[in-house]
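Asker: Provided herewith is a single structure, encoded as structure tokens, for subsequent inquiry.
What follows draws every value from the coordinates through simple rules; no lab data is involved. Note that this is a predicted model, so its numbers are computed, not measured. So basically every Cβ, Gly included, is an ideal-geometry build from the backbone, and we count neighbours across all protein chains shown.
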Amino acid sequence: MQSDIVTRFAPSPTGYLHLGHAYSAGIAHARARESGGRFLLRIEDIDVTRCRPEYTAAILEDFAWLGLRWEEPVRIQSQHFSDYTAALETLKQRGLLYPCFCTRRQIQAEIAAAGHAPHGFEGQVYPGTCRSLSTTEREARIAAGEAYALRLDIAAACAQIGRWPLVWRDESEGIQSVTPGLLRDGFGDVVLARKETPASYHLCVTHDDALQGITLVTRGSDLFAATHLHRLLQALFDWPVPAYAHHRLLLDKSGERLAKRRNAPRLRDLRAAGITPAEVWRQAGIQPDRDAGG
Ligand code: GLU
């Protein structure tokens, strides 16, 4: 069967994988296999302060044990920083990025002084302090070696989009509309490159989904809101818009989402305990190879 479906699983190697990751990867794998499509694995290791090569190796090992099959070569984001820098440069040329010198503490103080803390999808929305710095001050502070992040000027970015609303579709939740107001209140001037990391998750994931021709993004519902921002980036770069399937998150016995910090059972521990891949898939409640046809 010929199919255009291209799915991916894109873990960040900040620790060992647990059952929740198997569940998420299994869904992407099943969606590709059941339609005769393609399944890609992508390592999102741009945060060099938290990602470790041994976790990347462990991901490949765990997935091979589970019987997942992915296309080679695997894209490893840390080997492609120049791609993300080029995308940032494009935004800079269009006047959409500005350097932000604020520390976390300064942002907190600014928000406290303003007397209100607008809450967005990812916590408090940046009050925009560095947006109004003069070019001279920016240049002087950069020349003096002050560390800075790059923020997207969300109002300026929205002004460059010809048609509103932007739309994207989630398989269960249906068509989603993205407006300038939603982006302003939900994200504000988001960071697209951190002081210690030359690019952000939002930029890299959207860039790579476009580059790799992903047609169906399957991922946890914790990233549902982030898709609004990804849709803006797609519009700014004229990238294709994939379909989305945000899935539920697996919970532990106390009803909390499975997470490394809450000691979710790691796949390698299950393996060491003699649990079979079939049992892992049964526990996760999915069949990654359904209708595989070989
Ligand atoms: N790398 C991201 C994470 O591990 C997920 C990326 C995505 O599926 O969009 O949380």
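Asker: Could you list which residues have their amide H under 5 Å from that of residue 169, counting only those 5 or more apart in sequence or on another chain, with H placed in the peptide plane?
Answerer: Amide H neighbours of residue 169, under 5 Å, 5+ apart: 176, 244.
Asker: Can you give me the angle between helix 19-34 and the longest principal axis of the chain, using Cα atoms only, in degrees from 0 to 90, rounded to the nearest 10?
Answerer: Once rounded, one gets 80 degrees.
Asker: Could you give the length gained by full extension between residue 74 and residue 196, i.e. 0.36 nm per residue of separation minus their alpha carbon distance, to one decimal place?
Answerer: Gain on stretching residue 74 to residue 196: 41.5 nm.
Asker: Tell me, what is the FRET efficiency for residue 253 and residue 278 to the nearest 0.05, using R0 = 30 angstrom and their Cβ-Cβ distance as r?
Answerer: So the FRET efficiency works out to roughly 0.85.
Asker: Follow-up question, since we're still on this one. Modelling each spin label as a point 7 Å along the Cα-to-Cβ direction, I'd like the residue 163/residue 85 distance in nm, to one decimal.
Answerer: 3.6 nm
Asker: Now for a different question. How many angstrom separate the Cα center of the range 66-96 from the Cα center of the range 134-199?
Answerer: After rounding, the separation between the Cα centres reads 18 Å.
Asker: Starting from the amide H of residue 8, placed 1.01 Å from N in the peptide plane, find each other amide H under 5 Å away whose residue is 5 or more places distant or on another chain.
Answerer: Residues meeting the criterion, in which the H sits 1.01 Å from N, are 40, 218.
Asker: Are there GluC sites (Glu not before Pro) in the range 143-243 that DSSP marks as loop and that have at most 12 other Cβ atoms within 10 Å, and which are they?
Answerer: Here the sparse-neighbourhood loop sites are 146, 173, 196.
Asker: Based on the Cβ-Cβ distance of residue 268 and residue 122, what FRET efficiency does E = 1/(1 + (r/R0)^6) give at R0 = 30 Å, to the nearest 0.05?
Answerer: 0.45
Asker: Moving to a separate point now. Quick one: compute a quarter of the convex hull surface over the Cα atoms of the chain and quote it in nm².
Answerer: 17.2 nm²
Asker: When the chain is fully extended, how far beyond the present Cα-Cα distance does residue 108 get from residue 261, taking 0.36 nm per residue of separation?
Answerer: Gain in length upon complete extension: 52.5 nm.
Asker: Counting alpha carbon pairs within less than 8 Å and at least 6 residues apart, what relative contact order, in whole percent, applies to the chain?
Answerer: Across the chain, relative contact order equals 27 percent.
Asker: Placing one identical point scatterer on every Cα of the range 1-137 and ignoring solvent, what is log10 I(q)/I(0) from the Debye formula at q = 0.11, 0.14, 0.21, 0.22 Å⁻¹?
Answerer: Once normalised to I(0) and log-transformed, intensities are -0.65, -0.88, -1.19, -1.24.
Asker: Output the lone cysteines of the chain: those with no second cysteine's C-beta under 4.7 Å from their C-beta.
Answerer: 51, 102, 158, 204
Asker: Let me ask something additional. Return the FRET efficiency for the residue pair residue 60, residue 221: r is the Cβ-Cβ distance, R0 is 41 Å, and the value is rounded to the nearest 0.05.
Answerer: Computed FRET efficiency for residue 60 and residue 221 comes out at 0.95.
Asker: Here's a follow-up. Provide the percentage of antiparallel DSSP beta bridges, counting only those with both residues in the chain; round to the nearest 5.
Answerer: If I count the DSSP bridges inside the chain, around 55 percent turn out antiparallel.
Asker: Related question: Relative to the longest principal Cα axis of the chain, at what angle does helix 53-66 sit, 0 to 90 degrees, rounded to 10?
Answerer: Once rounded, one gets 30 degrees.
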